[in-house]
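Accompanying notes for the structure given below.
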Amino acid sequence: MAQRENFGSGLTAMFAMAGSAIGLGNLWRFPYQTGQDGGAAFILIYLIFSLIISLPILLCESAIGRSSASGTFGAMDKLAPGTRWKWLGLLTVFTPMLLLSYYSVVGGWSVGFFAESLVKGFGADASSRFSVFTSHWWLPLVCHTLFIGTTALVVSAGVKSGIERFNKISLPLLFVLIVLIAVYSTSLPGSEEGVRYLLKPDFGKLSPRVFADAMGQSFFSLSLGVGTILTYSSYMKKETSLLRAGAGTAFFDLLFALIAGFAIMPAVFAAGIEPGAGPGLIFETLPFIFGSLGQAAPLLSRVISVLFFLTIAIAALTSSISMLEVQAAYLIEEKKFTRGKAVLLVALVTWALGVLCSLSGKAFSVFDYTVSNFLLPLGALLFVIFAGWKMPREMFRSEFIGEGSRKGSGRFFGAFLFMVRYVIPVAILIIFLTNFQ
Ligand code: TRP
């Protein structure tokens, strides 16, 4: 078998993980969720959860991945051979498949809107563009095909020359783009209301539901629970500090979400629109805004709309690449496929499932609901239980106290293990139950 590839350095490994983390979750889910759940109060809870719950889960996945140097299925097989943990391995091949199928449909929309903003721009008809776009059944399908095709192309080029190279360019570019858009958006007359919407803490809105939303958002945004972090970490060199790569990923993901909030909400309020949920926000409201601003400054608004949809498309690509890699790694390592064949097979199956989601809104929402509310927390719960209780303690420890870590990190390990064994599983169970309410 060909030698297993690695990311070139700790920094590029972090870029890849942050690329997976930064995606549609930051661009439409975060701003909307923040407004709905109490503005700055929600951001604060989200921040605390990300640090004390999600970051440790990310580190667990990372430790499992690097110590086994395998994808999800192989990791279970190496660290707990012949046990029922192999089902966790299989679950985390299956979940990203479902996830990628509808994620790619939304990715496709962003490609379609990028093309529209480039070719036509948005005029007075902007807010109905989305329904016109989706009313041609074939148009979203073509875009979905393009999106998954591009994802497959990058993954088939390999860990170093495909995934690493793509993320190394995309991640800095994404930050430049989103900052430009945020500057533009906050400079619009009437945008202060949007800034207030994000920053005004409304503690009156806090409820168990808000805590559950914050945790769910944090899991989704950091790509937890389906083995993407595990698989990427399995390509990290021994000298790379897991702690630094993980903390860097969480930091950049959060930073991007915040800037995305300031890119989107001020523009929404400047146009005097009530922020709506999900796809409606970025595919209906924003084209409308670009359209109405276009009358005053056509060129500028055209440029901003092109940049905006480009940002969404690239952010979605860096995430979809990580979802495809998890599945490809399974076929390459366990079924001895060549990378090219593995990617082709996964892309075809996911494409077919995506066609279903593109044609049927029902399939789309069933997939999304099952993945976000059930499969992601389940995967995350099983990974922390595995790392805390099943994985050999010394092996777990040496991932943090090993070559890539700072002196003194051993002192924190006890506290970390306590969190992983007791606090985090209980916290995940609680959101699980809240979701069933
Ligand atoms: N984190 C990405 C986003 O915010 C999506 C994503 C990529 C993901 N890989 C994942 C979500 C694994 C959950 C699990 O859009």
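The values are calculated or read from the model by the stated rules, or taken from the named source; none is laboratory data. What you see is a predicted model, and the numbers here were worked out from it, not measured in a lab. Every residue, glycine among them, receives a Cβ derived from its backbone with ideal geometry; neighbour counts consider all protein chains shown. Just the protein is used for accessible areas: all its heavy atoms, side chains included, with ligands, DNA and RNA removed. Shrake-Rupley method; radii C 1.70, N 1.55, O 1.52, S 1.80 Å.
Being touching a residue at least 12 places away in the same chain (Cβ under 8 Å), hydroxyl-bearing (Ser, Thr, Tyr) and within 16 Å of the ligand (Cβ to nearest atom), is that true of even one residue in the stretch 321-333? Yes, the conditions are met somewhere in the stretch 321-333. In the stretch 305-320, the qualifying residues are those that are closer than 17 Å to Tyr184 by Cα and open to solvent by 10 Å² or more (accessible area, probe 1.4 Å), and the one that is farthest from the ligand (Cβ to nearest atom) is Val306.
Okay, residues lined up against (1) within 16 Å of the ligand (Cβ to nearest atom); (2) farther than 21 Å from Cys143 by Cβ; (3) open to solvent by 40 Å² or more (accessible area, probe 1.4 Å):
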position	(1), (2), (3)
Lys335	no, yes, yes
Arg339	no, yes, yes
Leu344	no, no, yes
Trp351	no, no, yes
Val355	no, no, no
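Listed by first and then second residue, the pairs with beta-carbon distance under 7 Å, at least 6 apart or on different chains, first residue in the stretch 22-36 and more than 8 Å from the ligand (Cβ to nearest atom), second open to solvent by 20 Å² or more (accessible area, probe 1.4 Å) and among the hydrophobic types (A, V, I, L, M, F, W, C), are Tyr32/Ala277; Thr34/Ile43. Given the structure, is Phe269 in contact with a helix residue (DSSP H, G or I) (Cβ under 7 Å, 6 or more places away or on another chain), open to solvent by 10 Å² or more (accessible area, probe 1.4 Å), more than 15 Å from the ligand (Cβ to nearest atom) and hydrophobic (A, V, I, L, M, F, W, C)? Answer is yes for this residue. Which members of the stretch 6-34 meet the condition of being in a helix (DSSP H, G or I) and open to solvent by 10 Å² or more (accessible area, probe 1.4 Å)? Answer for the stretch 6-34, where residues must be in a helix (DSSP H, G or I) and open to solvent by 10 Å² or more (accessible area, probe 1.4 Å): Gly10, Leu11, Thr12, Met14, Phe15, Trp28, Arg29, Tyr32, Gln33. Checked against (1) under 27 Å from Gly225 (Cβ atoms); (2) part of a helix (DSSP H, G or I), Val142 passes all but a single condition, namely (1). Does the stretch 63-86 contain at least one residue that is open to solvent by 10 Å² or more (accessible area, probe 1.4 Å) and within 17 Å of the chain's Cα centre (by Cα)? No: zero hits. Selection of helices (runs of 4 or more DSSP H) fully inside the stretch 307-410 by the criterion of at least 2 residues being aromatic (Phe, Trp, Tyr) returns 361-369, 393-401.
Considering the stretch 377-390, and only residues there that are touching a Gly at 6+ places or on another chain (Cβ under 9 Å) and open to solvent by less than 10 Å² (accessible area, probe 1.4 Å), the residue that is modelled with the lowest pLDDT turns out to be Pro377. Taken over the stretch 172-188, the criterion of being surrounded by 23 or more Cβ atoms within 10 Å (Cβ to Cβ) and either within 11 Å of Thr318 (Cβ to Cβ) or under 17 Å from the mean Cα position of the chain (by Cα) (or both) is satisfied by Leu174, Ile178.
Based on this model, can you work out whether Phe256 counts as touching a residue at least 12 places away in the same chain (Cβ under 8 Å), open to solvent by less than 10 Å² (accessible area, probe 1.4 Å) and within 16 Å of the ligand (Cβ to nearest atom)? So Phe256 passes the test. When Glu192, Glu164 are checked against the criterion of being of a type in the set (D, E, K, R) and more than 25 Å from the chain's Cα centre (by Cα), a single residue qualifies: Glu192.
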